[in-house]
Amino acid sequence: MRVFYIFLTLLILGGCTASKSYILDNKNVPISDKTFTKSIGVKTIQLPQYLLGKEIPFLQNDNQIIYLKDKKWATYLDEHLTNRVVSTLQKSFNTPKVYKYPQNTSTRPDIIIQITINKFIADENSVVLDATWIKENIKEPKSKLFSKKISLKSQEDIITGMNEAFSALEKELIDDCSTINILKP
């Protein structure tokens, strides 16, 4: 029985140390010189099926996705990326008037942003992010396509490449929000 407990302890400790958890974190938020006068609600980001779990996908060939061993997302990606967009917009425009919608409000915001990620995956050489985003509740609703490819030096750079690609999407969203007529100089 003692051997069983020793084996179980080693199995648990071995499992805990073998796996690493990752998040995508934007430490370089571009700061806008404009201030919001109205509110923005960010809907939960829509992801393809292969990104809905905590496993980190890898495109092994054109038709096959595998998941990286011993590497997982620390949180579910749809929730994490939505919170990240809210935080990035709040920091960029220095305002609390950006929040998750409809979860954190009972009133409809002035603008609603919906981001749909169509492809967000790495292969041996690069990370690709293809997405669309829509801004609603403005005089001229706007939808936009986004595509970014980040070259990788090695498979160890996947998280860095994904972070860089998503940061580029956030920057484009910030730039676009800076041009609409809900901001004051």
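If I ask for residues that are part of a helix (DSSP H, G or I) and crowded, with 20+ Cβ neighbours inside 10 Å, which ones from the stretch 87-138 would you list?
Thr88, Leu89, Ser92, Phe93
Can you pull out the residues in the stretch 103-126 that are modelled with pLDDT under 90 and closer than 24 Å to Gln49 by Cβ?
Scanning the stretch 103-126 gives Gln103, Glu124.
Count, please, the residues in the stretch 139-162 that happen to be in contact with a Phe, Trp or Tyr (Cβ under 9 Å, 6 or more places away or on another chain), under 23 Å from Ser32 (Cβ atoms) and at pLDDT below 95.
The number of residues fulfilling the criteria is 3.
Would you confirm, using the coordinates I've provided, whether Ser21 is assigned to a strand (DSSP E or B), among the small types (Gly, Ala, Ser) and at pLDDT 85 or above?
Yes: the conditions hold for Ser21.
So that you can scan it fast, the table gives a plain yes or no per residue for (1) in contact with a helix residue (DSSP H, G or I) (Cβ under 9 Å, 6 or more places away or on another chain); (2) farther than 18 Å from Thr160 by Cβ:
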{"position": "Lys72", "(1), (2)": "no, no"}
{"position": "Lys97", "(1), (2)": "yes, yes"}
{"position": "Glu124", "(1), (2)": "yes, no"}
{"position": "Val127", "(1), (2)": "yes, no"}
{"position": "Asp130", "(1), (2)": "no, yes"}
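So, Gly41, is that one without any contact (Cβ under 8 Å) to a residue 40 or more places away in the chain and either outside any strand (DSSP E or B) or surrounded by 16 or more Cβ atoms within 10 Å (Cβ to Cβ) (or both) or not?
no
Just one of Lys135, Lys144, Lys100 is free of Cβ contacts under 8 Å to residues at least 60 places away in the same chain, touching a Ser or Thr at 6+ places or on another chain (Cβ under 9 Å) and within 20 Å of Leu52 (Cβ to Cβ); which is it?
Going through Lys135, Lys144, Lys100 in turn, just one is free of Cβ contacts under 8 Å to residues at least 60 places away in the same chain, touching a Ser or Thr at 6+ places or on another chain (Cβ under 9 Å) and within 20 Å of Leu52 (Cβ to Cβ): Lys100.
The values are calculated or read from the model by the stated rules, or taken from the named source; none is laboratory data. Model, not experiment: these values are computed from the prediction. Every residue, glycine among them, receives a Cβ derived from its backbone with ideal geometry; neighbour counts consider all protein chains shown.
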